[in-house]
1. Could you tell me which residue of the range A:41-62 is nearest to residue B:56 (Cα to Cα), considering only residues that are in contact (Cβ under 8 Å) with a residue 60 or more places away in the chain and not in a loop (DSSP other than H, G, I, E, B)?
2. Give me the residue from the range A:49-64 that is within 13 Å of the chain's Cα centre (by Cα), under 16 Å from residue B:152 (Cβ atoms) and buried (at least 21 other Cβ atoms within 10 Å of the Cβ) and, out of that set, nearest to the other protein chains (Cβ to nearest Cβ).
3. Would you point out the residue of the range B:142-192, among those that are closer than 21 Å to residue B:125 by Cβ and in contact with a helix residue (DSSP H, G or I) (Cβ under 6 Å, 6 or more places away or on another chain), that is modelled with the lowest pLDDT?
4. Quick check: anything in the range A:39-47 on the phi > 0 side of the Ramachandran plot and more than 8 Å from chain B (Cβ to nearest Cβ)?
5. Considering only residues that are outside any loop (DSSP other than H, G, I, E, B) and within 17 Å of the chain's Cα centre (by Cα), look in the range A:159-190 and name the one that is farthest from residue B:148 (Cα to Cα).
């Protein structure tokens, strides 16, 4: 009986096509990835089923941490610089050098009373994280200037944005998108102060940043009895 | 003009020269693929596709004058008081002792499902009485010591059941009397 010869095939494959795909995907992910900068004030976001998208630009972010510190941030550098100019003119006693102003325009978020602001402007990001910022005074009793500093920041930023918009320097925008990012474990008292500041400054529409909750009937926890 | 020498190396590469070994041009791509997919995995895992969402809030304009405050029918009102320890107290109507006893009750907040029947109950009661769910008014009076998470949860529930009119408010001494009576296991009754 003649033996049937099974032809031996090599197990080596041509990997070229696979490499192509792999690197194509790699390039895509590398280009689309935006590394999140380390957060100055990390908070545990409450969850909700709300679905308002946060725009990419012109956002004013007010953060309230679990221990009641308030941070303020603007994402537009031009608005930031202009708001600082307005604040300087308004508070008068605190002066900024040009270097400090440049430093400020590069600062995404901060949480110190106004009189300490020049000091942290020239710091590096790491130093700013380290010093432990104490939060912006939300009522006049905490402020050295006896003014609601958060309110001043909100007012001056909105004015700065409006001026720049009218001058045609920041393209089309519909005003600042005001976001409140509060820690779920923060006491309502602190949040209430911020909300009162909003309404005092005629900000009656704002947005609470939440993490997404699973759809349908969301029941995660069981009651503790 | 310079000319390219195309003669091919001249006499050194004669017929008797050393034969260069023919190497395969194929390279083993496996390690490269490994590396490629490793990096893809890394970038896929670190990419955040889902941005955080926002919940929009519309607050009524601040009113300086007391007399501009709107007067509403008590039966349209449900008052909700987020309390400490994930509790929420609620009662229908004004809660004023002069308007008769209010029954104040509380539910645990950790199950958001608990609060929804109360909201829908109020909506259907108002609909039965006034013809439209839109007439229902919800007053939210979070206690200072309540957590922000509870506030957001409550707002979320109100959004889900489609509440049109809700008013965040300061809470009054009367509310605290109601709640403390409830804590003592009493119904809030008009003081004699």
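1. For the range A:41-62, the residue satisfying everything is A:52.
2. The initial filter retains those residues of the range A:49-64 that are within 13 Å of the chain's Cα centre (by Cα), namely A:54-64.
The next check asks that each one be under 16 Å from residue B:152 (Cβ atoms); those that pass are A:54, A:62-64.
Now restrict to residues that are buried (at least 21 other Cβ atoms within 10 Å of the Cβ): A:62-64.
Working: A:62: 13, A:63: 12, A:64: 7 Å.
Of everything passing the filter in the range A:49-64, A:64 is nearest to the other protein chains (Cβ to nearest Cβ).
3. It comes out as B:188.
4. no
5. Among those residues, the one meeting the criterion is A:177.
Every residue, every condition in (1) modelled with pLDDT of 90 or more; (2) part of a strand (DSSP E or B); (3) on the phi > 0 side of the Ramachandran plot; (4) buried (at least 19 other Cβ atoms within 10 Å of the Cβ), yes or no:
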residue	(1), (2), (3), (4)
A:71	yes, yes, no, yes
A:82	yes, no, no, yes
A:93	no, no, no, no
A:117	no, no, no, yes
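The values are calculated or read from the model by the stated rules, or taken from the named source; none is laboratory data. If you're wondering where the values come from, they're calculated on a predicted model, not measured in any experiment. Don't worry about glycine lacking a Cβ; one is built from the backbone with ideal geometry, like all the others, and counts go over all protein chains shown.
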